[in-house]
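Structure first, then comments.
Where a number appears in this text, it was derived from the coordinates with a stated rule and is not lab data. The shown structure was predicted, so the numbers you read here are calculated from the model rather than taken from an experiment. Cβ atoms come from the backbone with ideal geometry, glycine included; neighbour counts cover every protein chain shown.
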Amino acid sequence: MTPEYSDLSLWLDTLPGGLEPRGALDGDTDVDVAIVGGGFTGLWTAYYLTERDPALRVVVIEREICGFGASGRNGGWVVGELPAGVDTYAAGATHDAAMRQARELFATVDEVGRVAAAEGIDCGFAKGGVIRWARNAAQAARQVREIEHARTEGFTEDEIRLLRADEARAYGNASDVRSGIHFAACAAIDPARLVRGLAEVVERRGVRIVERTAALEIEPGRVRTARGTVRADIVIRATEAYTRDLPGEKRILVPIYSLMIATEPLDRATLDEIGLATRPTFADDRYLVVYGQRTADDRIAFGGRGVPYVYGSGIRPEVEKDRAAHDLIQRTLVEILPALAGVAITHRWGGVLAAPRNWTPSLWLDRATGYGSAGGYVGEGVAASNLAGRTMADLVTGTESELVTLPWVGIRSRKWEPEPARWLGIRGTRAVMDRADAHEYSHESESRAGRIAYGLLR
């Protein structure tokens, strides 16, 4: 029986040119820079290294194919923010430095669009910002507080603003809208076309990419694989959630599942009903995050964190196909955009994002050993990985720039707790958020669980 939908991500399934892997490593080799991970972080780092010093010998080592992980499965939000806010980064630096970093991320959205256009990568880049609808009274009250806090930090109306209900519905015709927030620094893209196009660009620039080559061990000066050892002056780990497979690294980042669905291309009447004409990415303001976009071919791609954390930092292909979780995501989408009731779902997929213990994305390079790492984006890495790649390229080449002084450079998170404490903590946090959302939708008011959830997100 033919399945009624594909369990490959929409982005990878509709990619022109197929997914044939590149050649694997074919023995020991020596390079200047070895990058482990062929996702956005690794490829952006390689791209900007070719700009800083084209003479560098750079190799990207990928276990599967470029874009196999989160870079080819995510929601396609090039969003100019991080899960850790200005206050978090200011605590270790200054408020001015944290604001400089925040605005550098805003500019990064445009940098991704610039590179895509300059390199001829057709990834459907559309900068429509983010529309977040408040769909109950508690969410609306939270939005007011958020904007008040944003003003005290120094963000302007052009960067982030509160919307009346009618203004919010003008972006997209969601149900039960009370208010909205528009955040300008975001674009919608097809992430697989971007990551695969970026891989082709760096190859043309002389970077060697080896696929189907698993890193068995990473240490200063070398990467050991089953197909040979790569010796390098600089070694960069860009493995995100799959870091857990490296010896001694299982508790550095935890993998957290997020699942997605995509509709069939929508007819004109349905598109007119839901709006989203300028292709803003969209969400509502619940605690358990959901996210969506209208794609370049007029589908709705929509996701959420419907599968709980798997004990032992597990990554299991069958979890990505969880039928009940995908059904919940579909019901949530129809609740938000009722015009999509009855629309066919053509794709259901999932993947893992990476969360550090401090919930704070960062990058670092130890000049003494030549070993560095970047990541821990907690699902907000499409833009952040570009900034990380530019910054890492400056660190590797010793380029003095404002990027290398940003507050996220040099931060190291402590490890996650051993099991079962890790499982209990992550599952417990999710349960609190789920309970808070349920209360807010049924009672139209914040609860004690909501106040706890708000604290967990700050």
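Report, in degrees rounded to the nearest 10, the 0 to 90 angle that the Cα long axis of helix 137-153 makes with the longest principal axis of the chain.
50 degrees
Quick one: order Met392, Met433, Met99 by neighbouring beta-carbon count within 10 Å, fewest to most. Write down the numbers at each step before the final one.
Details: Met392 32, Met433 22, Met99 17.
Arranged by neighbour count, lowest to highest, Met392, Met433, Met99 become Met99, Met433, Met392.
Based on the alpha-carbon gyration tensor of region 354-449, what equivalent-ellipsoid semi-axes (square roots of 5 times the eigenvalues) come out, in whole Å, largest first? Write out the running numbers ahead of the final one.
Details: eigenvalues 260, 58, 17 Å².
Output for region 354-449: semi-axes of 36, 17, 9 Å.
Please work out how much length the chain gains when fully extended from Asp267 to Trp364, using 0.36 nm per residue of separation minus the C-alpha to C-alpha distance, in nm with one decimal.
Numbers: separation 97, 0.36 × 97 = 34.92 nm, distance 4.77 nm.
That works out to 30.2 nm of additional length.
Taking the Cα atoms only, what angle lies between the long axis of helix 95-118 and the longest principal axis of the chain, rounded to 10 degrees?
Around 80 degrees separate the two axes.
Would you grab the residues whose amide H sits under 5 Å from the one on Glu217? Only those 5+ places off in sequence or on another chain, please, with H modelled 1.01 Å from N.
The list, which skips near neighbours in sequence, is Arg224.
When all alpha-carbon pairs of the chain are counted, what percent fall beyond 42 Å?
Details: 11731 of 104653 pairs.
Result: 11 percent of Cα pairs exceed 42 Å.
In degrees between 0 and 90, to the nearest 10, how far off the longest principal axis of the chain does helix 421-443 point, with axes built from Cα atoms?
Approximately 20 degrees, to the nearest 10.
Across region 76-155, how large is the tail of the calculated P(r) beyond 22 Å, expressed as a percent of all Cα pairs?
Details: 1290 of 3160 pairs.
Taking all Cα-Cα pairs of region 76-155, the fraction more than 22 Å apart is 41 percent.
Could you list Leu340, Leu12 so that the one with the fewest beta carbons within 10 Å of its beta carbon is first and the one with the most is last?
Details: Leu340 19, Leu12 22.
The most exposed by this proxy come first: Leu340, Leu12.
Straight distance only, please: which lysines reach the Cα of Lys321 with their own Cα at less than 25 Å, same-chain residues fewer than 8 apart left out?
Of all the lysines, those that pass the test against Lys321 - Cα under 25 Å, at least 8 places apart if same chain - are Lys250.
Using the beta-carbon distance between Ala107 and Glu51 and R0 = 22 Å, what value does 1/(1 + (r/R0)^6) give for FRET efficiency, to the nearest 0.05?
Details: r = 17 Å, r/R0 = 0.76.
My answer for the efficiency is 0.85.
Using only Cα atoms, locate the centre of region 156-174 and the centre of region 2-27, then give the distance between them in Å, rounded to an integer.
Between the Cα centre of region 156-174 and that of region 2-27, the gap is 37 Å.
Based on the Cβ-Cβ distance from Asp96 to Asp297, what FRET efficiency comes out when R0 is 60 Å, to the nearest 0.05? Working shown, then result.
On the way: r = 43 Å, r/R0 = 0.71.
Plugging the Cβ-Cβ distance into 1/(1 + (r/R0)^6) gives 0.90.
Net charge around Leu10, counting only other residues with Cβ within less than 10 Å of its Cβ (Lys, Arg = +1; Asp, Glu = -1)? Let's see the in-between values first.
On the way: positive: Arg73, Arg299, Arg348; negative: Asp13, Asp190, Asp297.
Here the count lands on 0.
Ranked by Cβ crowding within 10 angstrom, fewest neighbours first, how are Tyr441, Tyr377 ordered?
Numbers: Tyr441 15, Tyr377 26.
Lowest count first: Tyr441, Tyr377.
Take the alpha carbon atoms of region 368-394, find their center, do the same for region 81-114, and report the distance between the two centers in whole angstrom.
14 Å
Using modelled amide H (1.01 Å from N, peptide plane; none on Pro or chain starts), what sits under 5 Å from the amide H of Thr346, excluding residues fewer than 5 places away?
Ala262, Thr263, Glu264
Given Cα pairs under 8 Å that are at least 6 residues apart, what percent is the relative contact order of the chain?
Working: 1017 pairs, mean separation 109.5, N = 458.
Averaging sequence separation for qualifying contacts and normalising by length gives 24 percent for the chain.
Based on alpha-carbon centroids, what's the gap between region 183-261 and region 315-364 in Å, whole number please?
Centre-to-centre (Cα) distance: 22 Å.
At 7 Å along the Cα-to-beta-carbon direction for both Arg224 and Glu20, put a label point, then send me their distance in nm to one decimal.
3.4 nm
What trypsin sites (Lys or Arg not before Pro) in region 285-373 are in a loop by DSSP, with at most 16 other Cβ atoms within 10 Å of the Cβ? Show your work: numbers first, answer last.
Details: sites: Arg286, Arg294, Arg299, Arg305, Lys321, Arg323, Arg331, Arg348, Arg357, Arg367; in loops: Arg286, Arg299, Arg305, Arg357, Arg367.
Counting only loop positions with at most 16 other Cβ atoms within 10 Å, the trypsin sites (Lys or Arg not before Pro) in region 285-373 are Arg367.
For region 209-282, report the translational diffusion coefficient in µm²/s to the nearest whole number, using Stokes-Einstein at 20 °C, 1.002 mPa s, and a Kirkwood Rh over Cα pairs.
Values: Rh = 16.5 Å.
In µm²/s, the coefficient rounds to 130.
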